[in-house]
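Down below is the structure, laid out as structure tokens.
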Amino acid sequence: MIKCIVVDDKPLAIDVLEHYIAKVPFLEVSATYTNPLEALNKVIEGNIDLVFLDIQMPELNGLQFMKIVKGKCQVILTTAYAEYALEGFDNDAVDYLLKPVSFERFYKAVEKAQFVLKGLSNDDSRVIHPQQDLNHIFVKTEYKLVRIAKDDILYVEGMQNYVNIYTPTEKITSLQTMKKTEEQLASPQFLRVHKSFIVATQKIDSVERNRIFIGEKVIALGDNYRASFYEVVGR
């Protein structure tokens, strides 16, 4: 059973989510709050698995709330403002629901939360995600988690607010940071070779001066990454 709370300064929004939660057998409402500070105390006390969290609230907004409780529970954001989606995912939101929320969309989000929570360890940190699978990573796209086999990844290109992950057959755009992706793709199988690129070392066809060739793609080897790169691949 997933113990959850609902935090929203509008009682009608809470009523909708409570009604939806009652339809889902693996969810249990522990409490609802219109005051985010009271909800914060509840989460800090422990035993809360999931928070349905509004963003625009007085005293403490949803994004500030997430930064304080990070690692203590999972969060599904519920808001009328789509522009906060990227920042929400950067703070590890499980999903992002735009109001008015349909039950179908709500159920997809809580299924995702259930999947993530099943991947958590029993230790106190409770922050281990589905990336426990050593052969795959899970990345957040706009509306879902996507499972990618590490052996399929050729390289990753970091953009301003997202990353593109390239495989032989597709490009996957993920709403996460380059730093997060680098943590998922550990050396020596993957190496950061430029501020904007991570490469799969086994996919490198050749290296010429400061250029790395993977198929038809040419990737610059950054000055700050050259020494660590050659330590792994050899001179």
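Every number in this text was worked out from the coordinates using simple rules, so none of it is lab data. Keep in mind it's a predicted model, so treat the numbers as computed, not measured. Glycine gets a Cβ as well: all are built from the backbone with ideal geometry, and neighbour counts include every protein chain shown.
Computed quantities for the displayed model
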{"quantity": "Prolate/oblate/rounded call for the chain, Cα gyration tensor, a/c under 1.5 rounded", "calculated": "prolate"}
{"quantity": "Order of Tyr81, Tyr33 - criterion: other Cβ atoms within 10 Å of each residue's Cβ, fewest first", "calculated": "Tyr81, Tyr33"}
{"quantity": "Phe52, Phe213 arranged by Cβ crowding within 10 Å, fewest neighbours leading", "calculated": "Phe213, Phe52"}
{"quantity": "Linear extension gain, Glu231 paired with Glu18, 0.36 nm per residue minus alpha-carbon span", "calculated": "71.1 nm"}
{"quantity": "DSSP H segments from the chain that extend 20 Å or more along their own axis, Cα-based, with Kyte-Doolittle mean of -0.5 or above", "calculated": "103-118"}
{"quantity": "Using θ = phi - 60° and Karplus 6.51 cos²θ - 1.76 cosθ + 1.60, couplings along region 181-194 (whole Hz; Gly, Pro as x)", "calculated": "5, 4, 5, 6, 10, 7, 5, x, 5, 10, 9, 7, 10, 6"}
{"quantity": "Cα-projected label distance for Asp9 with Gln56, points at 7 Å along beta-carbon direction, nm", "calculated": "1.0"}
{"quantity": "Net charge of neighbours whose Cβ lies under 15 Å from the Cβ of Pro58, counting Lys and Arg as +1 and Asp and Glu as -1", "calculated": "-4"}
{"quantity": "DSSP-defined antiparallel bridges as percent of all bridges, the chain, nearest 5", "calculated": "55"}
{"quantity": "Residue order, fewest to most beta carbons within 10 Å, for Leu154, Leu191, Leu97", "calculated": "Leu154, Leu97, Leu191"}
{"quantity": "For region 211-225, Karplus couplings with θ = phi - 60° (6.51, -1.76, 1.60), whole Hz, Gly/Pro x", "calculated": "10, 10, 10, 10, x, 8, 7, 10, 10, 6, 8, x, 4, 6, 10"}
